[in-house]
Every structure is written in C-alpha cells, then in structure tokens.
C-alpha cells in the first residue's frame, strides 16, 4: 500500500496550502491517480566560479531552500504545469508529440527536460504538476537546475523508472543548453541531482569524479545573502566570457597541443602570456586558472578543518571575480566587505554566475545572528532594500519525498 503523502522536509503550513492549490488547479485530472511529492534543492557554490565550463573544479553543496513539485499522472499524454512563482499562468504540452520551446517561457525548463527524456526513449505519461519555489529566481542559487532536475525526477517517478543521478544531470544540462539557450557547465545539475547531506562536493568537471567533504554544523553555518539584484544569464555576458576563455585556450594550444581547456594551463603559463593575449582575455584566463587552484586547496583545508584558510581563499576568489572576471556588482562587493567586519565570519564571496544574486559566507554558529543583523542594517541603509538571508546546512540531492492518494 502506498504511504500517505508526508510533509517531510517542508514547512507544514506552506505545504498544506500548496496541496490545496494543486487540488484547485487540477481536480479534473486522472481520477484515483496517486500524487507524488518531489523535492529538488538549490545549491550554493562555496568556491570555484566560472571553472565548470573550463573543465575545472567546483565545490558546491545542496541547500535547504528548494523547489517542491506535487504531481499526478495523466492518461492522455498531456503535461499541465503551474508555478507559485507565476500565479495565473498555466503551461501545457504533450509528450506524445515533438516538444519545442513555447510560451510561457518559464516552462521551457520543464519542456526541455521532457524532450530530453523523450529522446532517451523513456515512455512518459502525462502529468499535472504544481511547482512551489523557496529559491529566489535569478538569485544565483540555481533555481533553474532545481526545476530541471525536479522535473526529471517527477516524470521518471510517474513512468515508474529510475535513472542514475549523473545521467539525470547531463540530460538536464542539455535541456538548459537547448531550451534556455544558456551554455551552462555541469556543476548545478550535478549537485542538485547527487548532493549528500552534511557534505560539500568537490567535483571534477572533466571526468565528473566527486569527493565529498564534511561540513560540520557544530563548527560551521553557511549563510547566503541575496543582494536582491536580479541577474539574467541569457543576457549574453555569460556566453561572452565563455568565448573569451575559448580564445585563451586557442592561444595556449599553439604552444602545447595537449591543452584542451584552461584546466590544462598553469599559472606560470598564464603569467608568461601577459602582453601577448588581449588584456581582457588574459585576465579571464588568470581568474579561471587561479580559481581552480583555490578550489582544490579549499576542499583540502575544509577537510582538515582549517576554516581560516578556507575563508582567506574565498576572499581571494571574490577579488578575482570582481577584478579579473568582472562579474561582481557594487552590492555584492559591499556585502562581502561588511560580512568581514563581523567577528566569527571566516570568509565571504559572491556565488553563482554574477551580475547580482548572492554572496556566501562561512560562519561560526554563534556569529549567524550578529552577521544577519549587521547586514540587514547596513544594506537597507545604503541601498534601501532588505537582503534575503538564508542560513543553511548541506542537504541531500533531489528525491521523491512521498507518494500516496
């Protein structure tokens, strides 16, 4: 017998309201079909920014803010989607036809995932689904990857199928490339699909090997602060930097044909290219190569509980993202600077693609409240807005929480 739907991992009041909203929207669906509840976490990257699409290293963890999907199978192949982030907007498409991009645009992430599963030969059923999101859209905490991976887990659950998390991540990455037009690396989808509770994940983006490093909640809290400046990766800045990195690879490949990505370049080689590469390309390369070294060092130091050193590496990462990669903004710089004025904060940096979004800080548990209070006070005074603050530990990757009638 199916277990009744539980609200494990969900706020009780919010979950009850979401269930009621699902019933109001989709009561005309398949009678007697059981409902499934899927949780897909957001992610924060502790260090290792703009390295993933350069075959480098990243160090993310899955976080408590999440996307929750309540879904139920349909017999007619029709997928109907609603989202609490876009009230009044309903998206529809059929898994019995070729799936393409369409309006509303917010559902293209879901359409892309369904199209990828369709291409893999998975016999998909129709679906009624309501997405509820506690992640800030455009905040750099990977709401898009959570939606994609959550949609994949939901469609697979309704099809009675299981799939390896790595395969799910790769399918969802392809969906974002083709349906959102953003050439993302593999980090976001991989950590959302395969996060481990209580651990950050050092991911080698070349061979997808993973090493899980404990994040002990007795020693540390991870505080994420949303600048409330929204970023749009589809604006071209992301793709431009990717092209600049590729330009750097072409230069270094002339001296060594074994170079396939900036992952294969050393800091000494970057320094020797100064004045030979266009300055902006050279600085992009210096960031990526330096960031790879910082990321592997940070994982080793976190494993050794050398939190001060991890914090120093985070600050160096932020400076490089600000000056060499030029993806920070004034608000993020201010939040990092102010965070370091609070005793008990080891380090802070911008996280995510940049141009807004969030910072992440590594903090002693006792410093969480003073840090939150200080940032709310100084940020609202300077910018006239209240920053969103999330205090989190490392959580599991996407999973089905429950199913039932």
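The values are calculated or read from the model by the stated rules, or taken from the named source; none is laboratory data. Note that this is a predicted model, so its numbers are computed, not measured. Reconstructed Cβ throughout: ideal geometry from the backbone, glycine too, with neighbour counts over all protein chains shown.
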Task: Failed criterion for residue 211 (all others in (1) part of a helix (DSSP H, G or I); (2) more than 21 Å from residue 130 (Cα to Cα); (3) modelled with pLDDT of 95 or more hold) - done: (1)
Open item on the list: When you scan segment 344-357, do you find a residue that is in contact with a strand residue (DSSP E or B) (Cβ under 6 Å, 6 or more places away or on another chain), in a helix (DSSP H, G or I) and either within 25 Å of residue 199 (Cα to Cα) or touching a residue at least 24 places away in the same chain (Cβ under 8 Å) (or both), even just one?
Closed with: no
Open item on the list: Just checking, does segment 81-94 include any residue being at pLDDT 95 or above, within 27 Å of residue 362 (Cβ to Cβ) and outside the structural domain of residue 336 (by TED's automatic domain parsing)?
Closed with: no
TODO: Would you point out the residue of segment 295-339, among those that are in contact with a helix residue (DSSP H, G or I) (Cβ under 7 Å, 6 or more places away or on another chain) and part of a loop (DSSP other than H, G, I, E, B), that is farthest from residue 53 (Cα to Cα)?
DONE: 328
Task: Matching residues, segment 121-135, being more than 14 Å from residue 188 (Cβ to Cβ) and in contact with a helix residue (DSSP H, G or I) (Cβ under 7 Å, 6 or more places away or on another chain) - done: 122, 123, 124, 125, 127, 128, 129, 130, 131, 132, 133
- [ ] Kindly indicate the residue of segment 75-106 that is within 12 Å of residue 127 (Cβ to Cβ) and out of contact with any helix residue (DSSP H, G or I) (no Cβ under 9 Å at 6 or more places or on another chain) and also surrounded by the fewest Cβ atoms within 10 Å (Cβ to Cβ) among those meeting that condition.
- [x] 75
Open item on the list: Can you tell me which condition residue 400 does not meet? The list is (1) in contact with a strand residue (DSSP E or B) (Cβ under 6 Å, 6 or more places away or on another chain); (2) in contact (Cβ under 8 Å) with a residue 40 or more places away in the chain; (3) assigned to a strand (DSSP E or B); (4) buried (at least 18 other Cβ atoms within 10 Å of the Cβ), and all the others hold.
Closed with: (4)
Open item on the list: Here is a check on your reading of the model: is residue 364 touching a residue at least 40 places away in the same chain (Cβ under 8 Å), out of contact with any helix residue (DSSP H, G or I) (no Cβ under 7 Å at 6 or more places or on another chain) and more than 25 Å from residue 204 (Cα to Cα)?
Closed with: yes
